[in-house]
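The values are calculated or read from the model by the stated rules, or taken from the named source; none is laboratory data. Given the structure is predicted, the values throughout are model-derived calculations rather than measurements. Cβ coordinates were reconstructed from backbone atoms using ideal geometry, including for glycine residues, and neighbour counts include every protein chain displayed.
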Amino acid sequence: MNNTREVEVVVTGAGQAGLSSAYHLRRTGFEPERDFVVLDHSPGPGGAWQFRWPSLTYGKVHGMHSLPGMELTDADPARPSAEVITEYFAAYERRFDLRVHRPVDVRAVREGDAGRLLVETPDGSWSTRALINATGTWDRPFWPRYPGQESFLGRQLHTAQYPGPEWFAGRRVVVVGGGASGTQHLLEIAGHAAATTWVTRRPPVFREGPFTEEVGRAAVALVEERVRQGLPPRSVVSVTGLPLNDAIRQGIADGVLDRRPMFDRITPDGVAWADGRHVEADVILWATGFRAAIDHLAPLRLREPGGGIRVDGTRAVADPRVHLVGYGPSASTIGANRAGRAAVRDIRRLLANEPVAA
């Protein structure tokens, strides 16, 4: 039996980028189930937010922008962000009747019949004229490899598995990574751990002053240039640096944010540098970021030699039927909203056989 259903647009992922795209599809006349479908592999609403650690309260979230058409208001800053944003996303799905299918694991997207794309899942396939890929990065934690890694007798964790600061009580912890997650983890863990050591590949860059719209635009432009060249996207934070707020200043003053250069190897009981220095550790916490979760697009051969997918706006240059939202320059909450609107605008033109703006 052929278990393939036809729609005009498939949206993969129901985080900020996917829900924003679905909203703009509805707003411009597409009907859920009849014209488009949203597939999400998570167990419930909330996107990647539902997996964040409890100590990341809503008040600690930087730059959370409301979804289009429905503000997030009166949220308690002391509540875990996972709870606040999951409830908000669930209410948003209900309000706009987005009818997200979950849990659905998109295994592959390949060429279908009659110029359509075939989106394959364990529950059957979807034949579609266009795809909005909004799968984010949470499912692709990046684990660097270092000599001796397999010999380590302690525990290695990634940010994606961060259990909260209390778990580290009495342990000697090495935190790897100079981004926002690494510094947040360090500041939390320091009050519980027996000792902390912070290592990064490059010296951290702290940003003085407000994050103005001009600064934000310049940072996004740098990230956008990478994806235009087909290079893997970098985070906006990697371009702008870390905000030098009161918590960071206190961490520097207390010696918690005392950065060491990257170690050269891992030993059974810690980490070591080529000059003979050695730090004993019970835990190595890799706050080393994530990569775009786009392996399911491999059959379409969209990747460039540089390793990324070359994107113009949200449109994959190699295949105008495919739009990547929440990828590269749109990997922020406000960026995802704008990208969702832009992707739907281009897809409407594509489906109407109108020229797509360059």
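Inspect the stretch 94-112 for any residue being among the basic types (K, R) and part of a helix (DSSP H, G or I) and give the result as yes or no. Yes, because at least one residue in the stretch 94-112 is among the basic types (K, R) and part of a helix (DSSP H, G or I). Residues that are at pLDDT 70 or above and of a type in the set (F, W, Y) within the stretch 184-226 comprise W198, F206, listed in sequence order.
State whether the residues of the stretch 137-146 include one that is over 23 Å from the mean Cα position of the chain (by Cα) and either more than 24 Å from G18 (Cβ to Cβ) or at pLDDT below 95 (or both). Yes - at least one qualifying residue is present in the stretch 137-146. Comparison of E280, E304 shows that the only residue that is touching a strand residue (DSSP E or B) at 6+ places or on another chain (Cβ under 6 Å), over 14 Å from L186 (Cα atoms) and touching a residue at least 60 places away in the same chain (Cβ under 8 Å) is E280. With respect to the conditions (1) without any contact (Cβ under 8 Å) to a residue 40 or more places away in the chain; (2) touching a helix residue (DSSP H, G or I) at 6+ places or on another chain (Cβ under 6 Å), T333 falls short on a single one, namely (1). If you filter the stretch 89-135 down to residues that are in contact with a helix residue (DSSP H, G or I) (Cβ under 9 Å, 6 or more places away or on another chain) and hydroxyl-bearing (S, T, Y), you find that the one that is nearest to R348 (Cα to Cα) is T135. For the stretch 17-28, the set of residues classified as farther than 12 Å from D40 by Cβ, part of a helix (DSSP H, G or I) and out of contact with any strand residue (DSSP E or B) (no Cβ under 6 Å at 6 or more places or on another chain) consists of S20, Y23, H24, R26, R27, listed by residue number.
Residue count for the stretch 259-289, restricted to those that are among the polar types (S, T, N, Q) and over 16 Å from P204 (Cβ atoms): 1. Only residues that are exposed (fewer than 14 other Cβ atoms within 10 Å of the Cβ) and either outside any loop (DSSP other than H, G, I, E, B) or in contact with a helix residue (DSSP H, G or I) (Cβ under 9 Å, 6 or more places away or on another chain) (or both) were counted across the stretch 61-76, and they come to 3.
Among the conditions (1) within 25 Å of the chain's Cα centre (by Cα); (2) touching a residue at least 12 places away in the same chain (Cβ under 8 Å), L351 misses just one, which is (1).
Of the residues making up the stretch 264-283, those that are touching a Gly at 6+ places or on another chain (Cβ under 7 Å) and either more than 15 Å from W198 (Cα to Cα) or among the basic types (K, R) (or both) are R265, T267. Residue count for the stretch 168-183 under the criterion of being out of contact with any helix residue (DSSP H, G or I) (no Cβ under 7 Å at 6 or more places or on another chain) and at pLDDT below 95: the result is 3.
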